[in-house]
Amino acid sequence: MDMPILTLKNNEERRLRAGHLWVFSNEVDTKKTPLTAFAPGQAAVVTASRGRPLGVVTVSPGSLICARVMDRDPDTRLDVDFVRGRLRDALALRERFYATPHYRLLFSEGDHLPGVVLDRYGDVVVGQLTTTGAEALREVILEAVVAELSPRAVIWRNDTASRELEGLPRLVQTVYGDAPERLEIDEEGTRFAVPAFGGQKTGWFYDMRENRTSLCRLVAGRSVLDLFAYAGAFSVRAARAGAASVVCLDSSEAARAMAEENAARNGLAGKVETVRADAAAFLEECAASGRTFDVVSLDPPALVKRKKDLEAGLKAYERLNRLAMDVLADDGILMTCSCSQHVDAWEQRRVALRAANAAGRRAQVLAQGRQGPDHPAHPAMAETEYLKSFTLRLLRV
């Protein structure tokens, strides 16, 4: 071991030995190995208090999560061959599930490469590096991606707020090849396009694909409301699956325009009504006028971003669920989702139950969903199991 050493306090190694990949600053023996001695993103060997090596980490000395385990072998070198190995493992998994190269290729801790997210849009790769460790490996990661995938272009969408927690700047840039203005997606035979340098996340919400597929089985001949619809992923697929009518709603004009374009792209312009509105206000207006829908998809942004916001966030989720149920026809279907890491599946289920009781409905859980297999969860890290969905049947009491 010729790398610097990061030593933990006594008995602080148990979580890492169980497989977790994060080291918190209060777990480090800073008398032996002060965090100030490490450069941001520097590779080191983390050891138990008595010197037993636990793996190779990258260090973020100014963060609460001050180190992330990259590999359990203390002799591992974080070079191009290492990253290529992780990419090959990730690619082998995705190719088992998806016929076309449109998926999340690499999901950070879920694919044992903390701080690195890569999405594949055909021959274009869009990535985010969210930690100083990932940022330090930026050129290595780029070289590995080009060697393994031979992409047309690679874009860094490093504009996420989490970079600021690591003291990293926000920026969006093409770092390889000639990037197009639009990213194209094939999702179960439905075609979509979103801006390459704008929009949310890396451009698309691949994590909801399986949930959209499941709900599309229930829309034929039904009226559908898609709330927080972004670029119309569910709306357009629902129309293609035979929905009688579809309302696609988002508060962003840019998102509404994208959804309209994507409906037209699939020959469904007349079957998808795009609406720019606040979801809660729209639901209240529908309830007041007696307008109802047979199927409602409720997939809001994260309403609990910090643990201290949990109580207020759960109330906000409950209000949205109640409003959605107020416009749901008898024997209707609601898919309610949460991407808040701090809300577990049981809490979300209880939110839906309270909303159903308040709405005077009898609820049945038909399906429980999660993020798709291109977002694999790390078995030792509940933090990676962030997306929850419940598909409910609602009957009037």
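Restricted to Cα atoms, segment 205-396 shows a radius of gyration and a Dmax of 15.8, 49 angstrom. With a simple spin-label model that places each label point 7 Å from the Cα along the Cα-to-Cβ direction, the separation between Ala161 and Glu139 comes to 3.3 nm. What net charge is computed for the residues neighbouring Val80, neighbours being all others with C-beta under 13 Å from the C-beta of Val80, Lys and Arg scored +1, Asp and Glu -1? With Lys, Arg at +1 and Asp, Glu at -1, the net is 0.
Calculated on the alpha-carbon coordinates, the convex hull of the chain measures out at 136 cubic angstrom per residue.
Full extension of the chain between Thr174 and Asn357 yields a length gain of 60.8 nm, computed as 0.36 nm times the residue separation minus the alpha carbon distance. Between Lys32 and Ala99, the simple spin-label model (points 7 angstrom out along Cα→Cβ) gives 5.6 nm.
Based on the alpha-carbon gyration tensor of segment 136-206, what equivalent-ellipsoid semi-axes (square roots of 5 times the eigenvalues) come out, in whole Å, largest first?
Working: eigenvalues 99, 61, 23 Å².
Its equivalent ellipsoid spans semi-axes of 22, 17, 11 Å.
When you restrict to C-alpha pairs under 8 Å that are six or more residues apart and normalise by the size of segment 205-396, the relative contact order lands at 20 percent.
Run the numbers on segment 346-397 and let me know its relative contact order in percent, using alpha-carbon pairs under 8 Å that are six or more apart.
Values: 56 pairs, mean separation 23.6, N = 52.
Computed value for segment 346-397: 45 percent relative contact order.
When only Cα pairs under 8 Å and 6 or more residues apart are kept, what is the percent relative contact order across the chain? Don't skip to the answer; put the middle values down first.
Details: 862 pairs, mean separation 43.6, N = 397.
With pairs under 8 Å counted, the relative contact order is 11 percent.
Placing +1 on the Cβ of every Lys and Arg and -1 on the Cβ of every Asp and Glu, with no other charges, gives the chain a dipole of roughly 1120 debye about its Cα centre. Projecting label points 7 angstrom from Cα along Cα→Cβ for Ala288 and Gln368 puts them 3.8 nm apart. Considering segment 323-395, its Cα convex hull presents a mean projected area of 5.0 nm².
Across the options Ala196, Val46, Leu171, the greatest Cα extent toward the positive end of the charge dipole of the chain (unit charges at beta carbon of Lys, Arg, Asp, Glu) belongs to Val46.
Each value in this text was obtained by applying a stated rule to the coordinates, not by laboratory testing. As the structure is a computational prediction, the values presented were derived from the model and not from experiment. Please note: Cβ atoms are built from the backbone with ideal geometry, for glycine as well, and neighbour counts cover all protein chains shown.
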